[in-house]
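Please treat every number below as a calculation from the coordinates, not as lab data. The structure displayed is predicted, hence computed values, not measured ones. Cβ coordinates were reconstructed from backbone atoms using ideal geometry, including for glycine residues, and neighbour counts include every protein chain displayed.
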Amino acid sequence: MAACKKRFVPIFVLGLSLMIGAAVSVAGTREVIKSLYIPLADHYAALIAYERYAPQMKYADFQIEQMKNWDFLRAYFQSGEVDMAFVMSPLAMDMFNEKPHFRWVGLMHRDGNALAVNEHINQQLQLPKLRSERKPDDAVARALRTFKQQSGEATQIGMPHLLSTHSVVLYRYLKEHSLSLALSPRDDADVLAISVPPPKAPGFIKGKSNRSLPAAFEQSLPWADVVETGGYGHIAWYSKDVMPWDNGHVECITLATDNAINTKQKALKEVMYYIHQAGADIEEARTEGGEALEAMVEIIRKHIPAHNREAIIASLDPNLGVINYNNLNIDKEGLKQIMDFAIEGKILKKPVNIDEFSAPQFAVQLLADE
């Protein structure tokens with residue numbers, strides 16, 4: 001490795017002084033910051049922050065709880081019984097419209113989802129061997145159009161939730177190739193989006209293949225890599241190529257309740273600091289490879305054993321760059337891009353006031369340290 005390799009160190013914009021490596025404060029003096037997550041590559045930084053840094057936090061007793069699906073996460077967070085949640089941006093905006101008792105305090109990652117097709121669709125495609133060469137051209141659209149013409153039925157594509165960034169990305173892809181997307185079986189369209197919890201997405205397309213039916217899913221990584229490495233699905237394209245944006249499109253965002261913001265500010269800032277630190281750790285490990293990357297895999301699989309080693313490594317491939325954990329501060333214009341397409345595609349019923357939705361005082365700045 002080069003002797004002058006760059007190391008990214010997060011520094012609070014507001015100048016919060018954190019003594020990294022300091023001993024944990026006396027038991028009982030730290031504020032609980034309980035956070036909800038879904039088993040996705042989107043939320044890997046939370047797992048790394050919890051395992052590597054929670055014991056040395058001075059102000060926060062950082063806790064994480066895995067949720068089985070997005071509706072459970074929504075209901076639990078909206079109850080006000082937890083402090084933070086990591087949520088797909090359209091779902092977060094819909095939650096804010098329903099009950100604005102929280103604010104957006106940062107990003108968990110950028111880019112990070114993919115379209116995977118089953119063998120029935122793959123037979124109509126000629127996907128390049130290298131995943132880096134698989135782009136959102138018209139090949140998948142032509143196959144979907146053909147299936148609709150032949151059967152009169154819309155092809156089902158599994159989404160983690162209808163109120164997902166994934167639905168927005170799929171809508172944009174279909175629109176650009178003159179196809180339509182329905183969110184309800186009552187509506188006639190070329191493609192029907194259905195809600196499939198991420199861990200069940202591989203089984204969904206495998207089951208359709210067993211019945212010789214076309215199916216696909218658009219899910220967060222590494223689920224597309226799970227089916228690709230398992231040999232029963234194929235990645236067709238990545239969201240970063242459908243929804244291009246500087247530094248990567250907005251996807252899952254970090255939410256904190258107004259109560260946590262008002263009464264646990266130091267603890268919340270500390271957790272945000274270490275999430276950024278964990279993101280920097282992931283970026284360094286994926287570039288370094290070897291033991292550093294294996295250490296990340298071990299932590300991830302401790303919490304999410306369904307993510308196999310091969311899929312995690314494939315998702316974090318630095319040569320693909322299909323998900324990243326850089327630039328995790330609030331990106332208002334990036335969120336507006338997602339919101340505008342969500343409104344246009346009737347995925348989101350109404351917009352939010354992004355300024356009211358945001359709490360930029362929790363920003364973290366990444367400074368290069370030679």
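What are the DSSP H helices in the chain that stretch 15 Å or more along their long axis, judged by alpha-carbon atoms, and whose average Kyte-Doolittle hydropathy comes to at least -0.5? Please list the in-between numbers first.
Values: long enough: 139-151 (18 Å, -0.40); 165-176 (17 Å, -0.27); 265-288 (34 Å, -0.73); 290-303 (21 Å, 0.00); 332-344 (18 Å, -0.22).
Passing helices, by number: 139-151, 165-176, 290-303, 332-344.
The relative contact order of the chain comes to 31 percent, based on Cα pairs under 8 Å that sit 6 or more residues apart. Mind checking the full-extension length gain between Ser212 and Lys266? Use 0.36 nm per residue of separation minus the Cα-Cα distance, one decimal, nm. Between Ser212 and Lys266, full extension yields 13.9 nm more.
Mind listing which trypsin sites (Lys or Arg not before Pro) in the range 198-278 are in a DSSP loop and have 15 or fewer other Cβ atoms within 10 Å? Let's see the in-between values first.
Working: sites: Lys200, Lys206, Lys208, Arg211, Lys240, Lys264, Lys266, Lys269; in loops: Arg211, Lys264.
Answer by residue number: Arg211.
When the square roots of the Cα gyration tensor eigenvalues are ordered a ≥ b ≥ c, the ratio a/c for the chain is 1.5 or more and a/b exceeds b/c, which makes its shape prolate. Remark: the Cα gyration tensor places the range 237-347 in the oblate category, a/c being 1.5 or greater and a/b not exceeding b/c. Separation of the alpha carbons by more than 31 angstrom is noted, of Lys175/Lys269; Lys200/Lys266; Lys200/Lys240; Lys129/Lys350; Lys58/Lys350, for Lys175/Lys269; Lys200/Lys266; Lys129/Lys350; Lys58/Lys350. Between Gln66 and Gln126, the modelled label-to-label distance comes to 4.2 nm, taking each label 7 Å out from Cα in the direction of the beta carbon. Net charge in the neighbourhood of Ile343 (other residues with Cβ under 14 Å of its Cβ; Lys, Arg +1, Asp, Glu -1) is +3.
Starting with the fewest neighbours, write out Trp223, Trp245 ranked by other beta-carbon atoms found within 10 Å of each beta-carbon. Mind dumping the intermediate values first?
Details: Trp223 30, Trp245 15.
Ascending Cβ contact count within 10 Å gives the list Trp245, Trp223.
Determine the shape class of the range 113-242: with a ≥ b ≥ c the square roots of the Cα gyration tensor eigenvalues, call it rounded for a/c under 1.5, and otherwise prolate if a/b is greater than b/c, oblate otherwise. Here the range 113-242 falls in the rounded category.
Computed from point charges on the beta carbon alone (+1 for Lys and Arg, -1 for Asp and Glu), the dipole magnitude for the chain about its Cα centre is near 500 Debye. Find the centroid of the Cα atoms in the range 67-131 and in the range 319-346, then give the distance between the two in whole Å. With the range 67-131 and the range 319-346 each reduced to a Cα centre, they are spaced 12 Å.
For the peptides 33-42, 313-322, 174-183, 143-152, the ranking by mean Cβ contacts within 10 Å, running from highest to lowest, is 33-42, 313-322, 174-183, 143-152.
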